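Participant: Quick one: this structure, given as structure tokens, is what I'll be asking you about.
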């Protein structure tokens, strides 16, 4: 099945998909959508970030929602506010040409809860939320889950690594008897196996997408060797060569992102960082600048970048290689969107060359070495 129509997606959604350049189903979509459209059972989908999981569960949810019932019928729980905003925005885009209205509300920490409570008083069919804010709203009896038929845990392993397991347990205790649970995760660590054992059916349908099926073939993978003491200077040379191009630079920690921002600003390079210590208003300001092309370079951590969706990025730069291979896929997937070409460039010390070999082997890609940064 090579088209969304063959997967069973309604024509009214296909028109919106085409408008958003979502033309060919990804591997996870091919495996998940037909099952989720036809079956009302628990589901586990293992696939790396950036493989099209939102459409994998979002389109089946939109098919299942009854717009005549003015209550919450589906709940999507995800790790970060940016990802919650992106999911809600994507669901809204999918319904542009639908002959009925589906109302989705995103709720998350960092925004005044009173504003979100006010919006939830309107008819709402789907809620997308971060775990902590959802617990807060449930304990205040603001959200009624009586009609919820589907609960999606998106980026489930990431939520657990951020310490949300108690919140996830509590949320599933609220909903599990009434709803099917659809779990999407890049990895299945032991703590996630506990949630699966405690809250999901023994015969939950499982699919897995292999790493070799998920890499965008329009991305060119490259690496630059730079000693740690020279790294920021080499980066400065690279960015001046690319001054007309937009890109994201990834660091492993928020401290590294903050330090790199100061170092680049000192070199008269316009770059701003987003990380966990940045307030919601400041994060939104930085993202507005970046999305509107007034900021060329964004520095991000893996967590803070969840939910970033920006078109026309020329490159992704790994100033520090990620701890997990899955994060490399997530990072590099920010470029080469909508059929365009893009570059994923790793800055590595000589002692890290074995990591490049590991990435080549695990992801079935070839890295080109950049020997010179001249013109």
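Participant: Go over the candidates 281, 294 one by one and state the one that is over 26 Å from residue 341 (Cβ atoms), in the same structural domain as residue 346 (by TED's automatic domain parsing) and more than 20 Å from the chain's Cα centre (by Cα).
Facilitator: Of 281, 294, the one residue that is over 26 Å from residue 341 (Cβ atoms), in the same structural domain as residue 346 (by TED's automatic domain parsing) and more than 20 Å from the chain's Cα centre (by Cα) is 281.
Participant: Looking only at the range 221-231, decide whether some residue is touching a helix residue (DSSP H, G or I) at 6+ places or on another chain (Cβ under 6 Å) and in a helix (DSSP H, G or I).
Facilitator: No, that holds for no residue.
Participant: Among the numbered conditions (1) surrounded by fewer than 16 Cβ atoms within 10 Å (Cβ to Cβ); (2) over 19 Å from the mean Cα position of the chain (by Cα); (3) without any contact (Cβ under 8 Å) to a residue 40 or more places away in the chain; (4) not in a helix (DSSP H, G or I), tell me where residue 269 comes up short.
Facilitator: Only one criterion in (1) surrounded by fewer than 16 Cβ atoms within 10 Å (Cβ to Cβ); (2) over 19 Å from the mean Cα position of the chain (by Cα); (3) without any contact (Cβ under 8 Å) to a residue 40 or more places away in the chain; (4) not in a helix (DSSP H, G or I) is unmet by residue 269, namely (1).
Participant: Going by the structure shown, is residue 72 in contact with a strand residue (DSSP E or B) (Cβ under 6 Å, 6 or more places away or on another chain), farther than 29 Å from residue 189 by Cβ and assigned by TED's automatic domain parsing to the domain that holds residue 199?
Facilitator: yes
Participant: So which of 328, 319 ends up being touching a residue at least 60 places away in the same chain (Cβ under 8 Å), within 28 Å of residue 290 (Cβ to Cβ) and surrounded by 15 or more Cβ atoms within 10 Å (Cβ to Cβ)?
Facilitator: 319
Participant: Further question on the same structure: If you check residue 20 against the conditions, is it over 22 Å from the mean Cα position of the chain (by Cα) and either at pLDDT below 90 or not assigned by TED's automatic domain parsing to the domain that holds residue 196 (or both)? Steps first, answer last, please.
Facilitator: Details: over 22 Å from the mean Cα position of the chain (by Cα): no; either at pLDDT below 90 or not assigned by TED's automatic domain parsing to the domain that holds residue 196 (or both): yes.
Considered against the rule, which asks whether it is over 22 Å from the mean Cα position of the chain (by Cα) and either at pLDDT below 90 or not assigned by TED's automatic domain parsing to the domain that holds residue 196 (or both), residue 20 comes out as no.
Participant: Select from the range 293-308 the residues that are under 20 Å from residue 235 (Cβ atoms), modelled with pLDDT of 90 or more and part of a loop (DSSP other than H, G, I, E, B) and list them in ascending order.
Facilitator: 295, 296, listed by residue number.
Participant: So which helices (runs of 4 or more DSSP H) are wholly in the range 97-208 and hold at least 2 residues that are in the same structural domain as residue 14 (by TED's automatic domain parsing), without any contact (Cβ under 8 Å) to a residue 24 or more places away in the chain and surrounded by 14 or more Cβ atoms within 10 Å (Cβ to Cβ)?
Facilitator: Correct list: 113-120.
Participant: Looking at the range 1-37 only, could you name the residues that are surrounded by 19 or more Cβ atoms within 10 Å (Cβ to Cβ) and in a loop (DSSP other than H, G, I, E, B)?
Facilitator: Passing the criteria: 9, 22, 25, 26.
Participant: Just checking, which of 47, 55 is touching a residue at least 12 places away in the same chain (Cβ under 8 Å), over 15 Å from residue 87 (Cβ atoms), in the same structural domain as residue 127 (by TED's automatic domain parsing) and under 19 Å from the mean Cα position of the chain (by Cα)? It would help to see each step written out before you state the result.
Facilitator: Values: 55 fails: over 15 Å from residue 87 (Cβ atoms).
On inspection, the qualifying residue turns out to be 47.
Each row is one residue, and each column tells you yes or no for (1) at pLDDT 95 or above; (2) within 26 Å of the chain's Cα centre (by Cα); (3) under 23 Å from residue 308 (Cα atoms).
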{"position": "224", "(1), (2), (3)": "yes, no, no"}
{"position": "230", "(1), (2), (3)": "no, no, no"}
{"position": "249", "(1), (2), (3)": "yes, yes, yes"}
{"position": "253", "(1), (2), (3)": "no, yes, yes"}
{"position": "263", "(1), (2), (3)": "yes, no, no"}
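Participant: Please determine, by comparing only the residues of the range 85-96 that are part of a helix (DSSP H, G or I) and touching a helix residue (DSSP H, G or I) at 6+ places or on another chain (Cβ under 8 Å), which one is nearest to residue 10 (Cα to Cα).
Facilitator: 94
Participant: Taking the criterion of being in contact with a strand residue (DSSP E or B) (Cβ under 7 Å, 6 or more places away or on another chain), farther than 19 Å from residue 224 by Cβ and not in a helix (DSSP H, G or I), would at least one residue in the range 235-252 satisfy it?
Facilitator: No, the range 235-252 contains no residue that is in contact with a strand residue (DSSP E or B) (Cβ under 7 Å, 6 or more places away or on another chain), farther than 19 Å from residue 224 by Cβ and not in a helix (DSSP H, G or I).
The values are calculated or read from the model by the stated rules, or taken from the named source; none is laboratory data. Fair warning: this is a prediction, and the values are worked out from it, not measured in the lab. Don't worry about glycine lacking a Cβ; one is built from the backbone with ideal geometry, like all the others, and counts go over all protein chains shown.
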